[in-house]
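What follows is one structure encoded as structure tokens, with my remarks underneath.
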Amino acid sequence: MLLECMMNGHAILYTGVTLAFWSTILIVGTCYTIFDLGFRFDVAWFLTETSPFMWANLGIGLAISLSVVGAAWGIYITGSSIIGGGVKAPRIKTKNLVSIIFCEAVAIYGIIMAIVISNMAESFSGTTPETIGARNYQAGYSMFGAGLTVGFSNLFCGICVGIVGSGAALADAQNGSLFVKILIVEIFGSAIGLFGVIVAILQTSKVKMGD
Amino acid sequence: MATKETPQLRSISACLAVFLGLLNIFNTGNCDEQVPLIMWTSEGVSVPSQSPPTAGHIVGQQQLASYLEKALSVGPRNVVLFLQDKMSIEDFTMYGGAFGNKQDSVFPNLEGALRSSSSPLVLPAVSWPASNAVIGQLQDQLDTSPLYMDPETLSQLRLNASSPALLVFRLPYGFGADLMSAKDILSGNDEMIGQVLSTMKTQSVPYTAIYTALQPSREAASLSMEAGVGGGRSLLQARGGWRERERERERQRKIKEKEGIYGPVEFKEGDDTCIMLWATGLSVSILRSGRWEEHDLTPSTFGEGVSPKLGGSTCDKSKARLVLNYEKVLGHSSFKLIFAMSQRHYKVSARRWFTLDAVELEYDGTKATFNGSRHVYAPAEYSYRCGSVTNFRWPVLIPRTSKDPANQWRVSFADFQIQGFNVTGSDFSYASDCAGFFSPGIWMGLITSLLMLLVLTYGLHMIMQLHTMDRFDDPKGPAISVPLTE
């Protein structure tokens with residue numbers, strides 16, 4: 001029975017990754033403990049020695065990629081419903097494209113934020129934590145935070161709009177007057193993506209990288 | 001007498017066999033710049049035997065002097081010294097019948113003498129510069145000048161048991177003009193030893209005999225591969241001639257001196273060591289008229305027999321200050337290098353840490369201060385070790401202020417290790433190294449890779465969720481046909 005369970009590709013993949021992750025943590029933690037080198041586990045060292053550029057670029061990458069994942073997922077959900085429903089009720093085709101546009105907006109938020117954040121990245125000449133300076137560290141972490149904010153907001157916003165849009169298309173196929181009401185739900189769903197963008201802009205408003 | 005001799009005999013031959021056998025193993029690893037020394041007293045003299053050094057231990061100059069002193073204070077003070085030009089332990093392993101072929105041994109007289117002596121002492125590895133000084137040390141201890149002899153002149157000499165004498169017999173070794181193989185030369189030397197010993201026996205004067213050499217006869221094979229100075233060895237490189245060996249030996253000696261096999265600088269408070277410092281290089285440079293003038297402080301701080309002046313050093317439970325005093329450094333008559341350390345309990349990590357608060361250079365009333373507490377720290381029970389502690393190359397020491405005289409100085413400590421607290425015995429505690437296991441770059445790579453891995457996992461999960469629609473599949477129905485014509 002276990003073998004049958006393991007034949008599933010999902011199970012192998014997740015078991016493998018989880019096992020690798022937890023065993024790494026366990027072994028590293030055990031080594032730190034038995035060699036009495038716990039003092040070497042220094043989070044402050046990690047945060048000050050890693051380059052602010054890594055954090056900044058991770059933020060930029062996450063901003064656009066997570067937004068695109070959200071938009072893609074939403075469009076895939078909505079799109080399949082519209083196409084399916086359109087077979088029997090061709091009148092819904094044009095009206096329901098607005099759901100696709102709401103999903104696409106999320107991707108546009110993502111790319112705009114990615115461009116805005118990447119414009120803030122400047123080079124600096126310090127190499128040690130003292131010479132790099134607090135402002136550059138703040139810039140790096142802010143850009144990472146902003147990227148995370150806009151990315152995850154857009155991810156869930158896209159999924160939300162997609163599912164609601166799919167419902168709207170199918171309801172519209174049944175009863176044409178339902179569409180306008182469901183559109184209001186979709187608008188609320190779309191607003192949360194905008195919140196993410198606003199917060200991200202606030203986070204990066206004080207960023208000044210460079211010497 | 002007989003009952004005493006048998007265990008002695010067994011222990012002597014066992015000792016010889018064991019050290020010859022053991023050194024076979026140590027030969028492959030670590031053979032550099034050592035000369036064996038064999039000492040025994042004449043038959044019939046019973047003196048307490050000294051314990052030989054532990055296997056692999058290299059006897060230094062002071063230890064050799066103490067061995068000789070102990071032997072000569074209780075034993076006969078007539079010393080017969082057989083000084084061969086060159087000798088290495090390999091000569092004994094190759095020609096001493098160490099592989100069960102005792103009949104091929106070229107040292108029958110030597111072995112016989114060791115067997116009949118009551119207190120032989122075998123030092124398989126005396127460090128080379130120390131072994132050179134054997135004549136000088138014997139001269140000092142016997143208070144008499146050496147007499148260079150050969151077997152013929154010995155028979156004409158009248159020896160007295162009460163007055164000390166130092167008779168030196170030079171034995172050849174070299175790849176001489178005779179083109180005699182080493183085996184023949186050693187056999188000839190052994191013959192001469194036998195002659196001398198029998199002459200001494202007829203004189204019936206108790207004596208102490210020593211057999212050693214001025215130089216090692218073999219160069220260090222393994223070091224030349226590790227040293228890499230002037231390149232390593234190529235696979236098919238054939239062993240060069242005698243000159244190449246000499247050159248290589250010089251090179252290895254310089255490398256060994258540079259790497260330093262010496263103890264740390266210890267500041268003692270009473271009997272206990274309080275502060276310890278070790279480095280392979282301590283150098284300071286000052287910027288004068290646009291040029292950096294350097295002074296290497298290593299030879300006046302570290303080395304065998306070097307004891308730097310530590311006046312002004314203090315140490316207590318929470319503060320330790322090591323002051324190294326020098327003279328005539330870069331034109332300053334008095335120069336001090338001061339390491340100021342402190343330790344205290346830190347609440348967040350709940351343990352005691354010590355920091356190197358300052359490295360100060362004091363000269364002519366001026367004090368240049370470097371702050372080291374930012375990087376040089378370790379838990380208070382451990383010592384701190386770093387491959388390079390400088391203020392200019394990956395700086396660890398920073399001038400205290402921008403106007404401090406330290407800005408004109410460059411200090412560089414290579415392979416630096418320091419401990420100012422909790423010193424037990426005269427060894428460093430565990431060395432907390434300045435270089436950790438993961439560097440920042442490794443961490444950054446790991447984080448990014450982990451993120452990519454998560455993305456990959458998620459993507460794979462999504463793709464594996466896609467299924468082909470099979471709602472309208474009808475395996476029993478007719479196959480779908482797509483006609484070519486409309």
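The values are calculated or read from the model by the stated rules, or taken from the named source; none is laboratory data. All of these numbers come straight from a predicted model, not from anything done at the bench. As a convention, Cβ positions derive from the backbone with ideal geometry for all residues, glycine included, and neighbour counts pool all protein chains shown. Just the protein is used for accessible areas: all its heavy atoms, side chains included, with ligands, DNA and RNA removed. Shrake-Rupley method; radii C 1.70, N 1.55, O 1.52, S 1.80 Å.
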Subject >> Residue ID - farthest from the other protein chains (Cβ to nearest Cβ), chosen from residues in the range B:367-389 that are charged (D, E, K, R) and part of a strand (DSSP E or B) >> reply: B:LYS367
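Listed here are the residues, each with its yes/no results for (1) within 18 Å of B:SER187 (Cβ to Cβ); (2) in contact (Cβ under 8 Å) with a residue 12 or more places away in the chain; (3) surrounded by fewer than 16 Cβ atoms within 10 Å (Cβ to Cβ).
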| residue | (1), (2), (3) |
| --- | --- |
| B:VAL35 | no, yes, no |
| B:ILE38 | yes, yes, no |
| B:VAL45 | no, yes, no |
| B:SER49 | no, yes, no |
| B:TYR67 | no, yes, no |
| B:GLN84 | yes, yes, no |
| B:THR93 | yes, yes, no |
| B:GLY100 | no, no, yes |
**OP:** Please list, ordered by first then second residue, the pairs with beta carbon atoms under 8 Å, 6 or more apart or interchain, first in the range B:424-447 and among the aromatic types (Phe, Trp, Tyr), second open to solvent by less than 60 Å² (accessible area, probe 1.4 Å) and in a loop (DSSP other than H, G, I, E, B).
**Re:** B:PHE428/B:PRO264; B:TYR430/B:TYR382; B:TRP443/A:THR50
**OP:** Residue by residue through the range B:382-403, note down the ones that are farther than 18 Å from A:THR128 by Cβ and in contact (Cβ under 8 Å) with a residue 12 or more places away in the chain.
**Re:** B:TYR382, B:SER383, B:TYR384, B:ARG385
Subject >> Looking only at the range B:298-320, and only at residues there that are assigned to a strand (DSSP E or B) and without any contact (Cβ under 8 Å) to a residue 40 or more places away in the chain, the one that is farthest from the other protein chains (Cβ to nearest Cβ) >> reply: B:LYS309
Subject >> Single condition B:TYR430 does not satisfy, out of (1) under 26 Å from the mean Cα position of the chain (by Cα); (2) away from every other protein chain (no Cβ under 13 Å); (3) open to solvent by 30 Å² or more (accessible area, probe 1.4 Å) >> reply: (2)
Original post:
When you scan the range B:410-440, how many residues do you find that are part of a strand (DSSP E or B) and over 30 Å from B:THR366 (Cα atoms)?
Top reply: 3
**OP:** For residues that are small (Gly, Ala, Ser) and over 22 Å from B:SER283 (Cβ atoms), scanning just the range B:354-387, find the one that is farthest from the chain's Cα centre (by Cα).
**Re:** B:GLY365
**OP:** Kindly indicate the residue of the range B:436-450 that is open to solvent by less than 50 Å² (accessible area, probe 1.4 Å) and not small (Gly, Ala, Ser) and also farthest from the other protein chains (Cβ to nearest Cβ) among those meeting that condition.
**Re:** B:THR448
**OP:** Please give the helices (runs of 4 or more DSSP H) falling wholly within the range B:103-175 in which 1 or more residues are within 32 Å of the chain's Cα centre (by Cα).
**Re:** B:108-116, B:128-132, B:134-142
Subject >> Whichever residue in the range B:344-365 is touching a residue at least 12 places away in the same chain (Cβ under 8 Å) and within 14 Å of another protein chain (Cβ to nearest Cβ) and, among such residues, is least open to solvent (accessible area, probe 1.4 Å) >> reply: B:PHE354
**OP:** For A:LEU58, state whether it is in contact with a Phe, Trp or Tyr (Cβ under 9 Å, 6 or more places away or on another chain) and modelled with pLDDT under 95.
**Re:** no
Original post:
Across the range B:191-206, which residue is surrounded by the fewest Cβ atoms within 10 Å (Cβ to Cβ) among those that are hydrophobic (A, V, I, L, M, F, W, C) and outside any loop (DSSP other than H, G, I, E, B)?
Top reply: B:MET192
Original post:
When the residues of the range A:12-61 are filtered to those that are small (Gly, Ala, Ser) and more than 11 Å from chain B (Cβ to nearest Cβ), which remaining residue is nearest to B:PHE437 (Cα to Cα)?
Top reply: A:GLY29
Original post:
Before we move on, is B:ASP470 within 30 Å of B:GLU269 (Cα to Cα) and either of a type in the set (Asp, Glu) or exposed (fewer than 11 other Cβ atoms within 10 Å of the Cβ) (or both)?
Top reply: no
Subject >> Residue under evaluation B:ASN407, criteria (1) farther than 30 Å from B:PRO264 by Cα; (2) in a helix (DSSP H, G or I); (3) more than 10 Å from chain A (Cβ to nearest Cβ); (4) polar (S, T, N, Q), criterion not met >> reply: (1)
